[in-house]
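S.K.: Handing you a structure now.
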Amino acid sequence: MLRLQLVASLLLSAALAAAATAAAGDRAERVEAWTEAHLPELLALYRDLHAHPELSFEERRTAGLVATALREAGYEVSEGLAGTGVVGLLRNGEGPVLLVRGDMDALPVTEATGLDYASRARVVRDDGSAVGVMHACGHDIHTANLIGTARLLADLRGLWSGTLLVVAQPAEEIGQGAHALIEDGLFERFPAPHFSLALHVESKLAAGSIGLTPGWAMANVDAVDVRIPGRGGHGARPQDASDPIVTAAYFVTALQTLVSRAVDPQDPAVVTVGSFHAGQKHNVIPDEARLQLTVRSYTDEVRAQLLEGIRRTAEQSCAIWRCPSPPEISIRDLYTPAVYNDPALAARARSVFESAFGAERVRTLPPSMGGEDFGRYGRALGVPSLLFRVGAQDPARLEAANAGGAAAPALHSSRFAPVPEPTLRAALRALAGLSMDLLQPPQAEP
């Protein structure tokens, strides 16, 4: 009797597995068919977004387009979160809650791509000068893809079950948008997600390919301001002054030992002095030196170690060179936390992506010390999260660069623009396919 029950259980398990495989294949085919049918209109939307970029927390036109599209697709839409954020909610039966994020903001960069849909937007700085505004980081692809994914999942809701939370986020470029949405009650006003997903275009990957990084993917990013006090004087009489430039130069050199001698060599860390300002004339010792640092890490422990080390090094430098008062160190509270890609979720995504695109188009990418505030969502709730990459570069440009030619335009470059059709096609199929794979009802025990 027990043997018969075991055989029956194994047969049922095999049948369920076969049914699941067939269902996954059907979902992939339906996603691909929807994508091909609607890609032309999404490409038109992308070009419109590229031509009309908006800076962080100013994404009013973009937010309006997102809200209108979600409302027309049948979502419950909330606008004005954190100023310009938009949230769409689609309830579709029993199952998990999935958050899908797309960021909307652009950069203060004057576009030099030569595209016929290039941005002509300008913004006037505080000093009266003007600079262009450009989607130099691919957020136009992200927004068009967010709208496309939301529409696709609404049209094909018979293939999934659960609740979809679509988040159009402002201000990722300044690392504040995710924090602002969470502070504005994102997880109190809407169902708390069991998973969170996002994608980002990648200038070092050929358009149409996918990149995955299990585990740590993006870094903690801290901004630190340091003021080294001095006592000004004549350049010919340094003995009568306290030279803050010498103290600051010593401090910059001493900082290099934090990564090389204080942090475990197996823990990635970066301390970079990006700005050093002191003095205005050849023969005048100034009263102060001001420095700006960017500090990168993955773990909370290494982050704390670096920040404490910067403070200690500044204080010791001032003590050695007899500054008239202690240094002033300002660590900005609103840092960008690291992105951790849940390994199990990354493995599940790889299976979905390889099935849709083929294993040769799914690449494992190394972690980056760049920042991305998407990590706040999973961190706030302790749920599995995944940020994956979608190739956006012209393959011919990449091939030429790899052969020793001119480097292909990078993210944040005035010359960067995705190859629209293959980039958007892959982004839509990847994000919608993975979303459907996660949005499945609980399976009954065999």
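S.K.: Around Pro367, what is the net charge, scoring Lys/Arg as +1 and Asp/Glu as -1 over all other residues with Cβ under 13 Å from its Cβ?
M.R.: Net charge around Pro367: 0.
S.K.: Helix 2-51 sits at what angle to the longest principal axis of the chain, using alpha carbons and giving 0 to 90 degrees rounded to 10?
M.R.: Long axis of 2-51 versus the principal axis of the chain: about 60 degrees.
S.K.: For segment 151-205 and segment 305-343, compute the distance between their C-alpha centroids and round to whole Å.
M.R.: The distance from the Cα centre of segment 151-205 to that of segment 305-343 comes to 33 Å.
S.K.: For segment 272-352, what is the charge dipole size about the Cα centre, in debye to the nearest 20, if Lys and Arg each add +1 at the Cβ and Asp and Glu each add -1 at the Cβ?
M.R.: 280 debye
S.K.: Normalised by the number of residues in segment 220-331, what is the relative contact order in percent for Cα pairs under 8 Å and 6+ residues apart?
M.R.: 42 percent
S.K.: From the phi angles alone, apply the Karplus equation (6.51, -1.76, 1.60; θ = phi - 60°) to segment 173-189 and give each ³J(HN,Hα) in whole Hz, x where the residue is Gly or Pro.
M.R.: With the stated coefficients, segment 173-189 comes to 4, 9, x, 10, x, 4, 4, 5, 5, 5, 5, 7, x, 3, 8, 9, 8 Hz.
S.K.: Using modelled backbone amide H atoms (1.01 Å from N, in-plane), which distant-in-sequence or interchain residues come within less than 5 Å of Leu205's amide H?
M.R.: Ala392, Gln393
S.K.: Separate question: Given the Cα-Cα distance of Asp333 and Arg60 and 0.36 nm per residue of separation, how much length would full extension add, in nm?
M.R.: 95.6 nm
S.K.: Something else about it: Report, to the nearest 10°, how far helix 139-155 tilts away from the longest principal axis of the Cα atoms in the chain, using its own Cα long axis and a range of 0 to 90°.
M.R.: Roughly 20 degrees, rounded to the nearest 10.
S.K.: Would you mind pulling out the separation of the Cα centroids of segment 47-81 and segment 106-136, in Å?
M.R.: That distance is 20 Å.
S.K.: Which ³J(HN,Hα) values, rounded to whole Hz and listed in residue order, are derived for segment 358-373 from phi using the Karplus coefficients 6.51, -1.76 and 1.60 in 6.51 cos²θ - 1.76 cosθ + 1.60 with θ = phi - 60°, glycine and proline given as x?
M.R.: My calculation for segment 358-373 gives x, 4, 5, 9, 10, 10, 8, 9, x, x, 10, 8, x, x, 7, 7 Hz in order.
S.K.: How long are the semi-axes of the ellipsoid equivalent to the chain, from square roots of 5 times the Cα gyration tensor eigenvalues, in whole Å, largest first?
M.R.: For the chain, the ellipsoid semi-axes come out as 46, 26, 21 Å.
S.K.: Are there cysteines in the chain with no other Cys C-beta under 4.7 Å, and if so, which?
M.R.: Result for the chain is Cys137, no neighbouring Cys Cβ within the cutoff.
S.K.: According to the Kirkwood expression over distinct Cα-Cα pairs, how big is the hydrodynamic radius of segment 277-433, in Å?
M.R.: So the Kirkwood estimate lands at 20.3 Å.
S.K.: What are the extents of the Cα atoms of segment 220-331 along their three principal axes, in Å, largest first?
M.R.: Result for segment 220-331: principal-axis Cα extents of 47, 23, 19 Å.
S.K.: Another question about this same structure. Hey, could you get me the Stokes-Einstein D for segment 31-172, Kirkwood radius over alpha-carbon pairs, 4 °C and 1.567 mPa s, rounded to whole µm² s⁻¹?
M.R.: 82 µm²/s
S.K.: Between Val284 and Asp264, what is the label-to-label distance in nm when each label sits 7 Å out along the Cα-to-Cβ direction?
M.R.: With each label placed 7 Å out from Cα toward Cβ, I get 5.0 nm.
S.K.: Treating the beta-carbon of each Lys and Arg as +1 and of each Asp and Glu as -1, no other charges, what is the dipole magnitude of the chain about its Cα centre, to the nearest 20 debye?
M.R.: 580 debye
S.K.: Sticking with this one: Run the numbers on the chain and let me know its relative contact order in percent, using alpha-carbon pairs under 8 Å that are six or more apart.
M.R.: This gives 23 percent for the chain.
S.K.: For segment 98-111, just list the computed ³J(HN,Hα) in residue order, Karplus coefficients 6.51, -1.76 and 1.60, θ = phi - 60°, integers in Hz, with x standing in for Gly and Pro.
M.R.: 10, 9, 10, 10, x, 9, 10, 7, 10, 10, x, 10, 7, 5
Bear in mind these aren't lab numbers, they're just calculated from the coordinates by the rules spelled out. Fair warning: this is a prediction, and the values are worked out from it, not measured in the lab. Ideal geometry is used to build each Cβ from the backbone, glycine not excepted, and the neighbour counts take in all protein chains shown.
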